Amino acid sequence: MGNTVTFNRPDGKSLSGYLAEPAAGARAPGIVVIQEWWGINDQIRRVADRLAAQGYRALVPDLYRGKATVEAAEAEHLMKDLDFGDAAGQDIRGAVQFLREGGGPCGVVGFCMGGALTLLAAVHVPELDAAVVFYGYPPLEYVDAPKIRAPLMGHFSRDDAFFPIDGVRPLETKLREAIVEFEFHVYDAKHAFANETQVGEGKLLPVLEYDAAAAELAWSRTMDFLGRHLT
């Protein structure tokens with residue numbers, strides 16, 4: 001459904017990404033989709049395609065510059081080599097600006113590593129109209145909550161080996177003290193519960209687990225949230 005596009009960052013450097021467009025084309029509201037630590041793969045492209053089927057222009061910026069993996073050690077290496085501040089303030093902001101050229105609002109949806117980057121984007125991308133986090137958050141000292149103007153939705157796992165649920169509570173406190181509009185939901189599930197590839201023998205790690213019921217509930221809540229803030 002989608003194709004590769006090239007767009008500019010605020011600093012003028014170019015970046016490519018996967019763009020899935022609905023029938024409305026450039027007039028549709030935009031959503032920047034932020035990958036898990038695996039890079040741009042078929043699963044994250046399907047997320048963009050699914051959003052396009054719901055009427056959104058969905059762009060997945062290539063944060064790893066063409067690299068992707070199915071090996072956890074390599075994924076960790078790629079993630080650690082990523083400059084998160086540059087990715088949020090330049091790559092993601094450039095993607096948001098590109099989508100907003102059509103005149104409509106734009107949100108960000110991120111998963112795992114992309115969830116952490118979504119929170120950073122809420123801080124560093126003033127053009128953002130809404131943000132949805134799936135099981136990820138950065139160190140709290142990097143969340144300058146008073147700078148967040150876009151409403152947030154978060155989906156977190158009660159049994160998450162990568163982003164412990166205990167870290168969500170201080171994040172909530174920080175957002176509440178800064179009077180940020182947010183709603184967080186917690187699911188009785190493991191990390192990556194919305195990734196349909198993490199099931200049975202196809203799972204990449206034992207601590208990952210797709211949960212169809214949690215995934216559908218989170219998706220329904222996300223569609224309602226985005227519908228309220230982007231359309």
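What follows is calculated from the coordinates using simple rules that are stated; it is not laboratory data. Nothing here was measured: the structure is a model prediction, and the numbers come from that model. When we count neighbours, we look across all protein chains shown, and the Cβ atoms used for this are built from the backbone with ideal geometry, even at glycine.
Things worth noting here:
- Under a 5 Å amide H cut-off, with hydrogens placed 1.01 Å from N, Ala189 pairs with Arg158, Asp159 among residues at least 5 apart or on other chains.
- The chain, helix-only ellipticity at 222 nm - DSSP H runs n ≥ 4, -39,500 (n - 2.57), divided by all residues, nearest 500: -9500 deg cm²/dmol
- Kirkwood-type radius of the chain, with distances r between different C-alpha atoms, in Å: 17.3 Å
- Alpha-carbon Rg/Rh ratio, for segment 1-106, with Rh computed the Kirkwood way: 0.97
- Each Cα pair under 8 Å and six or more residues apart adds its sequence gap; the mean of these over the residue count of the chain is a relative contact order of 16 percent.
- Additional length obtainable on full extension of the chain from Glu183 to Gln54, 0.36 nm per residue less Cα span: 44.3 nm
- Computed lengthening from Glu172 to Lys203, 0.36 nm per intervening residue step minus Cα-Cα distance: 8.1 nm
- Selected from Val143, Val109, Val199 as most flexible by GNM, with the chain as the system and alpha-carbon contacts under 10 Å: Val199
- Amide H partners (placed H, <5 Å) of Met153, local residues excluded: Ala131, Val132, Val133, Glu183
- Net charge of Cβ neighbours under 12 Å - reference Leu82; Lys, Arg +1; Asp, Glu -1: -3
- At most 16 other Cβ within 10 Å, DSSP loop - trypsin sites (Lys or Arg not before Pro), segment 108-200: Arg149
- Share of pairwise Cα separations in segment 100-156, more than 14 Å, in percent: 48 percent
- Close Lys-Lys pairs in the chain, where close means Cα under 30 Å and separation is 8 or more or interchain: 13
- Cα point-scatterer Debye curve for segment 192-231, base-10 log of I(q)/I(0) at q = 0.14, 0.22, 0.31 Å⁻¹: -0.38, -0.66, -0.92
- The Cβ shell under 12 Å around Val5 holds other residues with a net charge of -2, Lys and Arg each +1, Asp and Glu each -1.
- Sparse packing (at most 15 other Cβ atoms within 10 Å of the Cβ) combined with a DSSP loop state is found for the following GluC sites (Glu not before Pro) in segment 1-105: Glu71, Glu101.
- Gained length - Arg46 relative to Ala213, 0.36 nm times residue gap less alpha-carbon distance: 58.3 nm
- Most mobile of Ala215, Ala161, Ala20 in a GNM of the chain (Cα contacts under 10 Å): Ala161
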